[in-house]
Each structure stands twice: as C-alpha cells, then as structure tokens.
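Please treat every number below as a calculation from the coordinates, not as lab data. Quantities reported herein were computed from a predicted structural model and do not represent experimental measurements. No Cβ is skipped: glycine too gets one built from the backbone with ideal geometry, and neighbour counts run over all protein chains shown.
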C-alpha cells in the first residue's frame, strides 16, 4: 500500500524562519525542495476553531490547508493521484512533523475542492508521522493473549461509561485477551469486581508513579489506554492521574505523568507497548511559542512508541466514551485477524482504524454529509506513528476454545497477578527474565550481494531529525529478532549461508530505509523473516 507523505519543516523566510512543506513519499527525483507553507496556526481561520466554531469554520480551515498543500507542485501531483483511488484501494495521507510548530494545524480537517473531508474516508485516512531517536525493529511478534491495560482516573468525571464502552468492545471480539484496569473510584472498583469476567483484573491506582510503573511492568501490556486529564504547558506536557485518596478529597490529581514515565511502564526488553491511547484533554496539543511538544508526540520521538492516539483539544466525556467504543471495535478485530495467518507478517494501518470513530462522532453532530463543516468534534482524535510501517507476526492462538478471556498461558506470555485488596499496596515483584543463550556465529566475510541501485544523492539529502540522525549513525538499526527460542550454532555451510543472507538483507534494508521506499522495505522484511525462520529451525 502506497501513501502520500509531506513534511512540515522550518526553512529560511523573508522575516526569519518560516514553515515550509516538502514531499517525502512517494520519493521523486530530483528530490523536491521545501517551499513556504504560507500559513500560520495563528491565522483567523484556525483560531476560529477554538471554543465553539461559527458556521462552516471546520470546512473553511480544511479547505485553506488543502489549498496551501496544492500550491506545492509535487504535493499537488500526488494528492491528485490519491483522490482518484477507488475502494478497496487506499492511499492514506500523512503529515510528517519535522517541527512541533506544525502540530497545532487541524490536519485531520483536510477538505478538497469538492468539499470531501479526507479524514472521514478510509481511502485517504489522515495521520501524523514523527521521527524517533530510538532504534526500531522492522517487525514485532504477537503471542496471544493480547494484554490491554486501562487507567481510568479522570478526577471529577466518573469513569463508569468509559469502562462500559471498553468492556462492550472487548466482549464483542473473539480475541484471547487479558485486561488490567486501574481505577480510583470506590464505586467503579466495586462494580468491576462484582460483575467483570475472570480475565479482568481490577485494582486501585497506585499512590506513586514509580509504583504504577512497577505494576504495569509486571503486566507488560501490548496496548495502554489512559482516561484522565491532560495538560500541555510550554515546558512540560503531562497527564494528571488521580488516586483513590484524590477522589475522596476531590481537590486535585496527585500523579503527574510525563511521556518519559509512560515509556517506563513496560520492561525495555520487549519493545512494548505497541499502542498508547490517550483519551483525555489536550494530550495531542502543544501550546505556547516555545512549546515542548505534546505528550503524544514525545511518546514517539523520545520513547519510540510505534503509535499513539490522542485528542487535540478537551473532549466531552460522552464523546470520549463514543470514541472508545468505536475505536476498539476496529482495533481488536484487527488483532484477532492476525491469528488466522500465524507466522505471516501483516501491516497494521493505524490511521485507517480511526476513520470509523471519526465518522461516528461526525454522525452524532451532523448526520448528513452536506451539513458537515461546522462541528469540530470528529477532527479532535489524531494518530501519531513512526515513519516505518508497523508489521506484526502472530503466533498460533491457544487451541482451547475461542471464548474471549484468558486462555491457557503459552510459554513466554505474561500472567496477570490477582487483584489485591484495596488496603494492600502492590508487592514489588520483578518479572522473571531469562536471557537466551548467546552463540557467536563464525565470522565469514559476506559475499558481494548486488542490491537494487539507490541514488546516493537522494539518500544523503533525506531529511532526518538531528537527534534521530545522530542515534542512527551511532547505532545501526537492529536486525529483526527470531520468533523465539535459542538460535542454533553456526556449524555447517548451509547455516553460514543463511547468516550471510541475513547480513546482506540487513545491510540492504539500512540503505533503502533512507529512500522512503516502503514497498521495497516490506519486501526486504518479508525475506528477512523467511530466512530468520529457516535459521531458527536449524
């Protein structure tokens, strides 16, 4: 699946630094240079979306953005081609944020000359891309059950509706799943304890961020869902999580959770979670002239999370609940579908998974397509991803039954500890970690392998965030790990040949990665997986 990616960058302007736009994908030669965007987030059309927008304000802002993009000839050419795509083909549209100054534009409201909102159509699902300073794997492994952790603690806003929506989505799927719920309300704790299935574990929110990290590291979730307040400041965007004591006093939330804290919610060895959902206020917005960037952006840039969903502005609790049900109704079946093709790497299109939720929010306020253009609520959910596509390879599902809930544990799967009484602090238990036996393969100079020719000029001029470039130059991208188990010693010619092939493919991937050619990268990853699987069997 190809996509259109344009980058918002800083460039010299007549009055100093200004925002520019540059086509990134599909790659073109000679490589397009940045051109002035000609817009600022402080323009009246975008400021009109603050508070209650006047009639037609969303459509006007979306048209203004689209028209600015089409002033750039390479971008206009690719957008025109994308708009010709017919179902079931898709050509998603991504904006790469090479500067945080690009965050505050309502990109999700992009609207073409015919009045069609791109973000409400799966063919052109709109997403945001952020570089990361963390070295990333080419693909991930999924061994069921899916572990989902939900922190439901939004002081002053009862979380019962959020829990009801999440439970309904979970119970509607056949996906093997375990759910850990951390709450701060006595009534919600009692409700879940009395009525939830046995695969749901409910506990009170720990009293410190450090204790919360310990508990979540024990559970090691694939998906982290946070329903809480959020605040973006010029220096420290963060989430505000209330404890049980906070709810009893009603004064303020005790726990201030930053992106770096969330990055420590999982053991570092497993590269989890894959997705963080911030269903809260202002968690995907940056404010101030020297804004530090949103929590959502920082989770990718500094923590390396593959995908983050957040809200650009404060949302009403009923809108948050509707979004939760609609989004997980799309997400969980997507993971379940992976189990039908075990051993085959599949791509997850995070941006597409948000379209249905946006559509339902739009229907709630403006049921008719012709009416849309005033209510902004559907434009508030946004998704941030890393530049590389997310590919995951599933192991076979547990063979006992297909009911939702915890199946017999497979080797390597994490077990959730039982819920503790409310007056007992969670015991600090370090998750058992066993290092696989390391066997050094015999060093053999790799044979010369002809790879597809890539223009060096194009690779060298590829824009990368400075911190990311430094990280990449210091640490080569890791090759995809084997699906599991201990690798066999390199003792025969065939095995040495496989090792050489892995080295050659890994080197080729490093070269191609700079070109942005996702099709070729996917092909290389597929061959890598096949070779690694064969090497694993030896």
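Just a few scattered comments:
- Among 206-212, 242-248, 49-55, 226-232, sorting by the average number of other beta carbon atoms lying within 10 angstrom of each residue, highest first, gives 226-232, 242-248, 206-212, 49-55.
- When peptides 16-24, 87-95 are sorted by average Cβ neighbour count within 10 Å, with the highest value leading, the order is 16-24, 87-95.
- Computed E for residue 370/residue 317 - FRET, C-beta separation, R0 22 angstrom, nearest 0.05: 0.15
- A straight chain from residue 33 to residue 344 at 0.36 nm per residue would run longer than the Cα-Cα distance by 108.1 nm.
- Relative contact order %, region 4-128, counting alpha carbon pairs below 8 Å whose residues are six or more apart: 28 percent
- Under Stokes-Einstein, with the Kirkwood radius over Cα pairs as Rh, the value for region 140-394 at 20 °C and 1.002 mPa s is 116 µm²/s.
- Separation of region 336-353 and region 56-78, taken as the distance between their Cα centroids, equals 32 angstrom.
- Reference-scaled alpha-carbon Rg (2.2 N^0.38 Å with N residues) for region 106-174: 1.67
- Potential lengthening between residue 55 and residue 194 on full extension [0.36 nm per residue; Cα-Cα distance subtracted]: 45.3 nm
- Evaluating kT/(6 pi eta Rh) at 37 °C and 0.692 mPa s, with the Kirkwood radius of region 304-364 over Cα pairs in the Stokes-Einstein relation, gives 250 µm² s⁻¹.
- Calculated diffusion of region 4-128, Stokes-Einstein form, Kirkwood radius summed over Cα pairs, 10 °C and 1.306 mPa s, µm²/s: 106 µm²/s
- Ranked by the mean number of other Cβ atoms within 10 Å of their residues, highest first, the peptides 347-356, 312-321 come out as 347-356, 312-321.
- Residue 43 paired with residue 116, simple spin-label distance in nm, labels 7 Å along Cα-to-beta-carbon: 2.3 nm
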